[in-house]
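Worksheet for the structure shown next.
The values are calculated or read from the model by the stated rules, or taken from the named source; none is laboratory data. Source: prediction; values computed, not measured. Positions of Cβ are generated from backbone atoms using ideal geometry, with glycine treated the same way; all protein chains shown enter the neighbour counts. Please note that ligands, DNA and RNA were not included when accessible areas were found on the heavy atoms of the full protein model with its side chains. Shrake-Rupley method; radii C 1.70, N 1.55, O 1.52, S 1.80 Å.
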Amino acid sequence: MKKRYLVLSDGTVFEGMAFGADVESIGELVFTTGMNGYIETLTDPSYYGQIVLQTYPLIGNYGIIEPDFEGDCYVRGYVVREWCEEPSNFRCEYDLDKFLKDRGIPGIYGLDTRHITKIIREEGVMNAILCDSVPEDLTDVKNYVIKDAVPSVTAKEKWISPAVGEEKFKVALLDFGAKRNIIRELSKRGCEVTVYPSTTPAEDILATDPDGIMLSNGPGDPADAVFEIDQIRKLLGKKPMFGICLGHQLTAIATGGYTKKMKYGHRGVNQPCRDIKGTRTFITSQNHGYAVVSDSVKNGEVRYLNANDSTCEGIDYPDYNAFTVQFHPEASSGPHDTEFLFDRFVSMMGGNENAAE
């Protein structure tokens, strides 16, 4: 067994054992609290540029199942308490170690991941390096910044996913790092989904006359996505629009609001969100390190708030026939409490008149 170190930017060192690729890697260290769904976590493009730490202690026990991928893998490293070397599941294709090796991603195990999580919760998200020897100079680690996040994960060219069954609507999806289950949720509701790279001008999308526009999740600081924000500004009010995660943040900025970086973000499958127009609290899946500042929201109405810290979780834009949410109604894996939001979007395009509001 080979030793490997996780070194935080403040100089704190954790010694563990190596698995995955035999390389060093610097990234922003974040933790996620999901008890399952490590495959979906590793293939969520929203983790671009980050070293992901799992708080759940045993990871890899059902192996790797490629049909469950949400996208390509963009993580910079993987930190677990214990990884299962002999997975057992009838769908298993290969193990976690091979997954990481094939993609050049270093992993470390044998650490007290919950202790590290407590440090992040107290001190805030910080950079870290996975390495085989502790570096004397941490300048590169301290100076690491996630750059070109959306351009690095968006689709390289336009492509189409057909509707399941009868085609009822055509949806244009702007891909900022879209999870595949967003497309599946739309497709099974009779939507043909055309996926556009984030570099696509608004005029090109409107020229195809879609029935609705979907704004996907994605990584990075939303304020960096200047081009994308400008295109959303041109699209607002032209067609029914639904935004998720980064799409939610970019829409808020496009309408005059702003975002802030959170101390350690929301990453997991048990975040409670209150519908302030009703009486319901929904359990949601989330993965984000930035939040819309509620008081900055213009031309919209805050609809959902996080029940733990009161951060903005959703906004309605009645003047633009649009709405956005910070959480993931397409959760995979995770709770399905808010899948009805896809029905609401379909209703806006002229579908199910009884969709939940």
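Kindly establish whether residue 187 is in contact with a Ser or Thr (Cβ under 7 Å, 6 or more places away or on another chain) and either acidic (Asp, Glu) or open to solvent by less than 20 Å² (accessible area, probe 1.4 Å) (or both). Spell out how you get there, then give the answer.
On the way: in contact with a Ser or Thr (Cβ under 7 Å, 6 or more places away or on another chain): yes; either acidic (Asp, Glu) or open to solvent by less than 20 Å² (accessible area, probe 1.4 Å) (or both): yes.
Spelling it out, residue 187 is indeed in contact with a Ser or Thr (Cβ under 7 Å, 6 or more places away or on another chain) and either acidic (Asp, Glu) or open to solvent by less than 20 Å² (accessible area, probe 1.4 Å) (or both).
Working carefully through the options 226, 292, 269, find the one that is β-branched (Val, Ile, Thr) and closer than 22 Å to residue 319 by Cβ.
292
When you check residue 170 against the structure, is it at pLDDT 95 or above, crowded, with 16+ Cβ neighbours inside 10 Å and assigned to a strand (DSSP E or B), yes or no? Answer is yes for this residue. If you go through region 289-313 and keep only what is under 20 Å from the mean Cα position of the chain (by Cα) and open to solvent by less than 10 Å² (accessible area, probe 1.4 Å), you end up with 291, 292, 304, 306, 312, 313. Selection of region 111-141 for residues being within 17 Å of residue 49 (Cα to Cα) and either in a strand (DSSP E or B) or open to solvent by 10 Å² or more (accessible area, probe 1.4 Å) (or both) yields 125, 126, 127, 128, 129, 130, 131, 140. The set of residues in region 251-276 being without any contact (Cβ under 8 Å) to a residue 40 or more places away in the chain and surrounded by fewer than 20 Cβ atoms within 10 Å (Cβ to Cβ) consists of 258, 260, 272, 274, 275, 276.
Against the conditions (1) closer than 20 Å to residue 326 by Cα; (2) not in a helix (DSSP H, G or I), residue 40 satisfies every one except (2).
When residue 108 is tested against (1) touching a strand residue (DSSP E or B) at 6+ places or on another chain (Cβ under 6 Å); (2) more than 26 Å from residue 21 (Cα to Cα); (3) crowded, with 23+ Cβ neighbours inside 10 Å, exactly one condition is not met: (2). Of all positions in region 181-194, none carries a residue that is among the hydroxyl-bearing types (Ser, Thr, Tyr) and assigned to a loop (DSSP other than H, G, I, E, B).
Residues that are part of a loop (DSSP other than H, G, I, E, B) and either in contact with a Ser or Thr (Cβ under 8 Å, 6 or more places away or on another chain) or farther than 18 Å from residue 328 by Cα (or both) within region 277-304 comprise 277, 278, 279, 293, 297, 298, 299, 300, listed in sequence order.
Which count do you get for residues in region 200-250 that are open to solvent by less than 30 Å² (accessible area, probe 1.4 Å), hydrophobic (A, V, I, L, M, F, W, C) and either farther than 20 Å from residue 187 by Cα or in contact with a Lys or Arg (Cβ under 6 Å, 6 or more places away or on another chain) (or both)?
Taking region 200-250 as the starting set, the residues that turn out to be open to solvent by less than 30 Å² (accessible area, probe 1.4 Å) are 200, 202, 205, 210, 212-220, 222, 225, 228-229, 231-232, 235-236, 240-250.
Retained after the next criterion (residues that are hydrophobic (A, V, I, L, M, F, W, C)): 202, 205, 213-215, 225, 229, 232, 235-236, 241-242, 244-246, 250.
Okay, now just the ones that are also either farther than 20 Å from residue 187 by Cα or in contact with a Lys or Arg (Cβ under 6 Å, 6 or more places away or on another chain) (or both), so 202, 213, 225, 229, 232, 235-236, 246, 250.
Total satisfying the criteria: 9.
Anything in region 137-193 that is of a type in the set (D, E, K, R) and farther than 24 Å from residue 47 by Cβ? List them, or say none. Passing the criteria: 137, 158, 166, 167, 168, 170, 188, 189, 192.
Among 16, 27, 71, 107, which is the only one that is in contact (Cβ under 8 Å) with a residue 12 or more places away in the chain, more than 22 Å from residue 129 (Cβ to Cβ) and outside any helix (DSSP H, G or I)? Full working, then the answer.
On the way: 16 fails: more than 22 Å from residue 129 (Cβ to Cβ); 27 fails: more than 22 Å from residue 129 (Cβ to Cβ); 107 fails: more than 22 Å from residue 129 (Cβ to Cβ).
So the residue among 16, 27, 71, 107 that is in contact (Cβ under 8 Å) with a residue 12 or more places away in the chain, more than 22 Å from residue 129 (Cβ to Cβ) and outside any helix (DSSP H, G or I) is 71.
For region 75-89, the count of residues that are assigned to a loop (DSSP other than H, G, I, E, B) and in contact (Cβ under 8 Å) with a residue 40 or more places away in the chain is nonzero. For region 106-113, the criterion of a residue being of a type outside the set (Phe, Trp, Tyr) and farther than 27 Å from residue 64 by Cβ is satisfied by no position. Report every pair of residues separated by at least 6 positions or lying on different chains whose Cβ atoms are under 6 Å apart, first residue within region 44-59 and under 15 Å from residue 6 (Cβ atoms) and among the hydroxyl-bearing types (Ser, Thr, Tyr), second open to solvent by 20 Å² or more (accessible area, probe 1.4 Å) and assigned to a loop (DSSP other than H, G, I, E, B). Note: pairs meeting the criteria are 55/33. As a summary of the residue check, residue 332 satisfies the conditions (1) hydroxyl-bearing (Ser, Thr, Tyr); (2) modelled with pLDDT of 95 or more; (3) open to solvent by less than 50 Å² (accessible area, probe 1.4 Å); (4) within 21 Å of the chain's Cα centre (by Cα) except for the one numbered (2). Among the residues of region 324-333, is there at least one that is in contact with an Asp or Glu (Cβ under 9 Å, 6 or more places away or on another chain), outside any loop (DSSP other than H, G, I, E, B) and among the polar types (S, T, N, Q)? Within region 324-333, one or more residues are in contact with an Asp or Glu (Cβ under 9 Å, 6 or more places away or on another chain), outside any loop (DSSP other than H, G, I, E, B) and among the polar types (S, T, N, Q). Can you say whether residue 290 is aromatic (Phe, Trp, Tyr), out of contact with any Asp or Glu (no Cβ under 7 Å at 6 or more places or on another chain) and touching a residue at least 24 places away in the same chain (Cβ under 8 Å), as far as the supplied structure shows? Criteria not met by residue 290. Scanning region 109-137 for residues that are within 23 Å of residue 289 (Cα to Cα) and aliphatic (A, V, I, L, M) returns 116, 119, 120, 125, 126, 128, 129, 130.
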